[in-house]
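First comes the structure, then the notes that go with it.
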Amino acid sequence: MELKKEHNYFHQLSKLRRKPLVIAGPCSAETREQVLETARQLKEMQVDIFRAGVWKPRSKPGSFEGVGTEGMKWLQEVRQQYGLPVATEVARPHHVEIALKHNIDVLWIGARTTVNPFDVQELAEALRGTQVPVMVKNPVNPDLQLWAGAIERLWAVGVQDVAAIHRGFSTYEPAVYRNLPLWQIPIQLRGLYPSLPVLVDPSHIGGKPDLVLPLSQKGLDLDFEGVMIETHPNPAEALSDAAQQITPAALGEILAHLQVRSVPD
Ligand code: PEP
Ligand code: MN
């Protein structure tokens, strides 16, 4: 069941702060120092939720697959030291269990999980009866119904605080974007569920720092409720998505340049 917009966690948070929601943090939690240093710098900005992946779905084996459960306590430290709600990606029911045991504030389902209804249903079952807010990234392929279906599976088990994240769609053709924006798809999603907050993830759409500002602006121009932006204290050294992460200082610049018309009701 779709929750009334004014009661939705993500909507309330942005209304409370009277600005679009800003979710930021590294692609991956790598070390305790990296996580806490990123959070320390982000705390100075208008960041509402700190993100970091601890279970990383990587295309190729042999790349960094995340620190796993150990990262949970670093996220807890971020909440304790900086008072920021923390978010992480879950792809398996046991991820949900572990994250909830560590009181992670917000979960998200990644693009490679949204693509599989069996996986989404298993996550939904693990979330049944919980109150945790969940963000659903679009599937890697441009399939509106698959995205909508994942959201409905969460509503069907009673997860009420759901948001969608637009992170673009895979393409084989050479393109400016890492993942094509195909804006008409998230726009159609909003048409299906007018109360659903939609955020834009310019980091994974653009795949490069220069595109973070224009893609964020485009999302806000479309009245999306906020942005999710990957930030790392030393992007060049990042263990995942090094090409697209930006420093917290660069994020600060971008936030200062974003034109916000008004926070949507
Ligand atoms: C991420 O947010 O780091 C991530 C893995 O994103 P996506 O699922 O959009 O590829
Ligand atoms: Mn990433």
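Only the coordinates and a few stated rules stand behind these numbers; no lab work does. Please read all numbers here as calculations on a predicted model, not as lab measurements. Note that each Cβ is placed from the backbone with ideal geometry, even for glycine, and that neighbours are counted across all protein chains shown.
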Let me know the whole percent of all Cα-Cα pairs from the range 209-265 that are separated by more than 15 Å. 49 percent
Burial order of peptide ranges 124-137, 218-231 (average beta-carbon count within 10 Å, highest first): 218-231, 124-137
Taking every pair of alpha-carbon atoms in the chain, give the share separated by more than 31 Å as a whole percent. 15 percent
Lysine pairs in the chain with Cα distance under 24 Å, only those 8 or more apart or on different chains: how many are there? 26
Calculated [θ] (222 nm, deg cm²/dmol) that DSSP helices of n ≥ 4 give over the chain, each run adding -39,500 (n - 2.57): -11500 deg cm²/dmol
Relative contact order for the chain: what is it in percent, counting Cα pairs under 8 Å that are at least 6 residues apart? 20 percent
